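Below: the structure, in structure tokens.
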Amino acid sequence: MRKLGINSGYLRGVTEIDSLKYMKEAGFDSFFSGPSCCDLQRAWDLKNEATKLGLDFEFIHVPFTYKGVHVNTYWDPGLGYQTLFDSVIAGIDNAAAVGVDMIVHHVSGGWIAPPITDMGFSRFDAVVEHSLNKGVRVAFENLRNVGNLAAILERYARIPEVGFCYDCGHEHCYTVDVPFLDLFGKRTMCTHLHDNWGLDKEDPLKDADYHLIPFDGDIDYHAMIEKMDKYDYQGSLMLECGQNPKYQDMGPEEFSALIFERAKRIRES
């Protein structure tokens, strides 16, 4: 049976550290954290609390933008990418230091993908090499564009420690015609699960990535689980959503219990 997890910042007005006890009490098995873990002390605080509670700290999502520098700059000439790159390296180092064996990394952003360049490949090569040297796996995530992701995953196709992070919400609202699990299902290492209403019907360029809790939108989780089974994905079902205004009057215990039940519904789909 697949484990159930959630992002550590899912509760409104509750710190990441304090959120762990609520997710554990609700029944979750694991979690991931975002760029806050580029700070080593924050990473250790989360790891120590997780160990105390019996939660699995599965991965760190390294920054895709840092101090105004976006991941698209990886593909550009010059040194504009360096600030972000350094924060990613810090995230990898911190993951290794606290015993978290995977990071998630974006490869591009925005509706128009940056051109694929040898310079960009060399920077991702450096990330992958550093991660492997640290004993940390790398999962590249789908966002709006397919080409950059496909090129990156093809480049590292023979490295088992490099794979795919499947984000069902991004697929549904950005690239609904792209069957990412059919493309990369056998290389799926982790997931980001949330909900939305698909591509905005009135403004196709609107960002409709609402990160709703499961079953508040119209994603077909049954079809998703069938594909995961088809490609023998055995990892956790990791939510990436939180306490949006619809649920702002719920206490942390009540909301945690609700969102855990939604996660179980996905697993049982």
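The values are calculated or read from the model by the stated rules, or taken from the named source; none is laboratory data. Everything quoted here is computed from the prediction, not taken from an experiment. All Cβ positions, even for glycine, are placed from backbone atoms using ideal geometry, and neighbour counts span all protein chains on display. Keep in mind that these areas ignore ligands, DNA and RNA; they rest on the heavy atoms of the full protein, side chains included. Shrake-Rupley method; radii C 1.70, N 1.55, O 1.52, S 1.80 Å.
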**Request:** Taking amide H positions as placed in the peptide plane 1.01 Å from N, state which residues far from Cys190 in sequence (5 or more) or on other chains have amide H under 5 Å from it.
**Result:** Phe164, Tyr166
**Request:** Please list, or write none, the lysines whose alpha carbon is within less than 17 Å of the alpha carbon of Lys230, excluding same-chain residues fewer than 8 places away.
**Result:** Lys186
**Asked** Each label point is 7 Å from the Cα along the Cα-to-Cβ direction; what then is the distance between the points at Asp207 and His222, in nm?
**Response** 3.4 nm
**Request:** Starting from the amide H of Leu239, placed 1.01 Å from N in the peptide plane, find each other amide H under 5 Å away whose residue is 5 or more places distant or on another chain.
**Result:** Gly5, Ile6, Asn7, Leu193
**Request:** Multiply the residue separation of Glu129 and Thr15 by 0.36 nm, subtract the distance between their alpha-carbon atoms, and state the gained length in nm to one decimal.
**Result:** 37.7 nm
**Request:** Sort out the exposed loop GluC sites (Glu not before Pro) in the chain (DSSP loop, at most 13 other Cβ within 10 Å) and tell me the longest stretch that has none.
**Result:** 1-201
**Request:** Enter the accessible area of Leu205 (Å², nearest 10), with the probe set to 1.4 Å and all protein chains included.
**Result:** 120 Å²
**Request:** Would you list, by chain and number, the lysines whose Cα falls below 27 Å from the Cα of Lys21, excluding same-chain residues fewer than 8 positions away?
**Result:** Lys3, Lys47, Lys52, Lys246, Lys264
**Item:** For the chain, calculated [θ]222 nm from helices alone, where every DSSP H run of n ≥ 4 adds -39500 (n - 2.57)
**Value:** -12000 deg cm²/dmol
**Fill in**
Long-range amide H partners of His61, meaning residues 5 or more apart or on another chain whose placed amide H is closer than 5 Å, are Ser33, Gly34, Val104
**Asked** In nanometres, what is the gap between the two model label sites at Gln41 and Val178, each 7 Å from Cα along Cα-to-Cβ?
**Response** 4.0 nm
